[in-house]
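Novice: The structure under discussion is supplied below as C-alpha cells; questions concerning it will follow.
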Amino acid sequence: MTSAFHRPRGVPRGDTPVHHRRVTWRLHPALSDVLNTLDRTTVGTAFRDRAVEISTSKVLSDPVDYGSALAAHRWLLERADGDGLPLTASGYLKPADVQALAAVMPTMQDWIHTMTREIDVHPVLFFRDYLKQIGLLRKYKGMLRLTRTARALQADPARLWRYLADALVPDEPRFDADASVVVLVHMATTDGDIDVNAVARTLTELGWAHRDGSGVGSGEVYGVWNDLWAVLGNVGERASARHRDRVLSPAARILINQALFDEVAR
C-alpha cells in the first residue's frame with residue numbers, strides 16, 4: 001500500500017510540546033509533522049482539537065491495570081513460551097488453540113460463526129499476525145514461539161504496554177506513519193466507527209495521492225484501521241455488546257495517548 005503514495009515533505013519533523021497547566025507533553029514526531037502540515041488547511045483546526053482531547057485523556061482517567069487490560073496479549077505470549085504453540089501444515093493455529101484464544105479476546109465476544117480453522121476466524125488471525133508483525137511472535141519449525149523481545153516483556157505488563165504503544169505508529173516517515181496517526185486520533189476521539197471519508201480527506205490534505213493524482217480513498221483507510229483495531233480492540237474490556245461495533249475501551253484510548261504523547265517533567 002505504501003508504494004502507491006507519495007508526498008513531498010517540506011515541513012521539518014520535530015517534537016512539538018503541548019502545555020496543559022502543569023503538565024507538558026512531547027508529541028510523537030509523526031503527530032507533530034501531521035499537525036504542522038495540516039496547519040491552515042480546511043481540516044487542520046478540527047484535527048488539532050481532536051489531538052488536544054487525546055492529550056488530556058490520561059490526566060482525566062483512572063490508572064490502567066496493565067495486566068488485566070492486556071489479558072489476551074499475555075495469554076498468547078504465555079502459550080507461545082517454551083516449546084511454543086503447534087501450527088497446522090499450512091501455518092495456522094490448531095482449532096483448539098483458536099477457540100482458547102478467542103475465549104480471552106474482547107473482539108471475539110458474541111462471535112456467531114463457527115471457530116475451527118483460523119483462516120476463517122479473522123479477528124484471531126489478525127490479532128496473532130499483528131503480534132508477529134511487531135516482533136513478539138515468530139514461526140519456527142512448525143511452532144509459534146516467542147521472540148527474545150517478547151520473552152523479556154511477558155512477565156512485566158507495564159513494559160509490554162509501553163512496547164505496544166511504541167509499535168502503534170511505524171518508525172519510518174511514510175504513508176503508513178501518517179495514516180496510523182490520523183486513524184489513531186480519530187479512533188480515540190470517536191465513540192464508534194470512525195468517519196473513514198474524513199480520514200481519507202485528511203490524508204489527502206497532507207499531500208498524499210496516488211500516482212495518477214487521485215486522492216486517498218476509503219480502501220486505504222480501512223487497511224490501516226483494520227490493523228489497528230486488531231490490537232486496540234483487544235485492549236481492556238469490550239466496550240460494546242454488539243460484535244460489529246468498534247468502540248474502544250477506556251484502556252485502549254489511554255494506550256493511544258501514550259503512543260502519541262510523552263509526559264515531560266518540568
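Novice: On the basis of being among the aromatic types (F, W, Y) and more than 20 Å from the chain's Cα centre (by Cα), does W161 make the cut?
Specialist: When the stated conditions are applied, W161 does not pass them.
Novice: How about the range 140-160: which of its residues are loosely packed, with under 13 Cβ neighbours inside 10 Å and either more than 24 Å from Q258 (Cβ to Cβ) or in contact with a Ser or Thr (Cβ under 8 Å, 6 or more places away or on another chain) (or both)?
Specialist: Answer for the range 140-160, where residues must be loosely packed, with under 13 Cβ neighbours inside 10 Å and either more than 24 Å from Q258 (Cβ to Cβ) or in contact with a Ser or Thr (Cβ under 8 Å, 6 or more places away or on another chain) (or both): Y140, K141, G142.
Novice: Hey, another quick one. Regarding A179, is this residue of a type in the set (G, A, S), outside the structural domain of A30 (by TED's automatic domain parsing) and under 24 Å from L136 (Cα atoms)? So that I can check it myself, show each step before the final result.
Specialist: On the way: of a type in the set (G, A, S): yes; outside the structural domain of A30 (by TED's automatic domain parsing): no; under 24 Å from L136 (Cα atoms): yes.
So A179 fails the test.
Novice: Within the range 212-228, does at least one residue satisfy the condition of being within 23 Å of T149 (Cβ to Cβ), modelled with pLDDT under 95 and surrounded by fewer than 17 Cβ atoms within 10 Å (Cβ to Cβ)?
Specialist: The answer is no; no qualifying residue exists.
Novice: For V64, which of the numbered conditions (1) part of a loop (DSSP other than H, G, I, E, B); (2) closer than 26 Å to Y130 by Cα; (3) modelled with pLDDT under 90 fails to hold?
Specialist: Against the list (1) part of a loop (DSSP other than H, G, I, E, B); (2) closer than 26 Å to Y130 by Cα; (3) modelled with pLDDT under 90, V64 comes up short only on (3).
Novice: Related question: Could you please let me know if D120 is at pLDDT 95 or above and either touching a Phe, Trp or Tyr at 6+ places or on another chain (Cβ under 6 Å) or over 21 Å from G67 (Cβ atoms) (or both)? Write out each step before concluding.
Specialist: Values: at pLDDT 95 or above: no; either touching a Phe, Trp or Tyr at 6+ places or on another chain (Cβ under 6 Å) or over 21 Å from G67 (Cβ atoms) (or both): yes.
Spelling it out, it is not the case that D120 is at pLDDT 95 or above and either touching a Phe, Trp or Tyr at 6+ places or on another chain (Cβ under 6 Å) or over 21 Å from G67 (Cβ atoms) (or both).
Novice: So, one more: Give the range 218-237 a look and list any residue that's among the aliphatic types (A, V, I, L, M) and within 19 Å of V199 (Cα to Cα), or say none.
Specialist: Within the range 218-237, V221, V224, L228, A230, L232 qualify.
Novice: Within the range 90-118, count every residue that is free of Cβ contacts under 8 Å to residues at least 40 places away in the same chain and in a loop (DSSP other than H, G, I, E, B).
Specialist: 10
Novice: Where the second residue is part of a helix (DSSP H, G or I) and polar (S, T, N, Q) and the first is more than 16 Å from G233 (Cβ to Cβ) and lies in the range 119-138, which pairs have Cβ atoms under 6 Å and are six or more apart or on separate chains?
Specialist: Pairs that qualify, where the first residue is more than 16 Å from G233 (Cβ to Cβ) and the partner is part of a helix (DSSP H, G or I) and polar (S, T, N, Q), are G135/T149.
Novice: Still on this structure, please answer the following. Here are some residues: R7, R26, R40, R22. Which one is in contact with an Asp or Glu (Cβ under 6 Å, 6 or more places away or on another chain) and modelled with pLDDT under 95?
Specialist: Numbers: R7 fails: in contact with an Asp or Glu (Cβ under 6 Å, 6 or more places away or on another chain); R40 fails: in contact with an Asp or Glu (Cβ under 6 Å, 6 or more places away or on another chain); R22 fails: in contact with an Asp or Glu (Cβ under 6 Å, 6 or more places away or on another chain).
Of the residues listed, the single one that is in contact with an Asp or Glu (Cβ under 6 Å, 6 or more places away or on another chain) and modelled with pLDDT under 95 is R26.
Novice: Return yes when A251 is hydrophobic (A, V, I, L, M, F, W, C), farther than 23 Å from T37 by Cα and either in contact with a helix residue (DSSP H, G or I) (Cβ under 6 Å, 6 or more places away or on another chain) or assigned to a loop (DSSP other than H, G, I, E, B) (or both) and no when it is not.
Specialist: Values: hydrophobic (A, V, I, L, M, F, W, C): yes; farther than 23 Å from T37 by Cα: yes; either in contact with a helix residue (DSSP H, G or I) (Cβ under 6 Å, 6 or more places away or on another chain) or assigned to a loop (DSSP other than H, G, I, E, B) (or both): yes.
Yes, satisfied.
Novice: Suppose we keep only residues that are of a type in the set (D, E) and surrounded by fewer than 19 Cβ atoms within 10 Å (Cβ to Cβ) within the range 115-137. Which one would you say is nearest to R74 (Cα to Cα)? Lay out the reasoning, then the answer.
Specialist: Going residue by residue through the range 115-137, those that are of a type in the set (D, E) are 118, 120, 129.
Filter once more, so that each one left must be surrounded by fewer than 19 Cβ atoms within 10 Å (Cβ to Cβ): 120, 129.
Numbers: D120: 23, D129: 15 Å.
It comes out as D129.
Novice: Please go through the range 65-79 and give me each residue that is surrounded by 15 or more Cβ atoms within 10 Å (Cβ to Cβ), in contact (Cβ under 8 Å) with a residue 40 or more places away in the chain and over 17 Å from the mean Cα position of the chain (by Cα), ordered by number.
Specialist: Across the range 65-79, the qualifying residues are L76, L77.
Novice: Now for a different question. Taking the range 40-64, which residues are among the basic types (K, R) and exposed (fewer than 12 other Cβ atoms within 10 Å of the Cβ)?
Specialist: Passing the criteria: only R40.
The values are calculated or read from the model by the stated rules, or taken from the named source; none is laboratory data. None of the values given here were measured: they were computed from a predicted structure. Don't worry about glycine lacking a Cβ; one is built from the backbone with ideal geometry, like all the others, and counts go over all protein chains shown.
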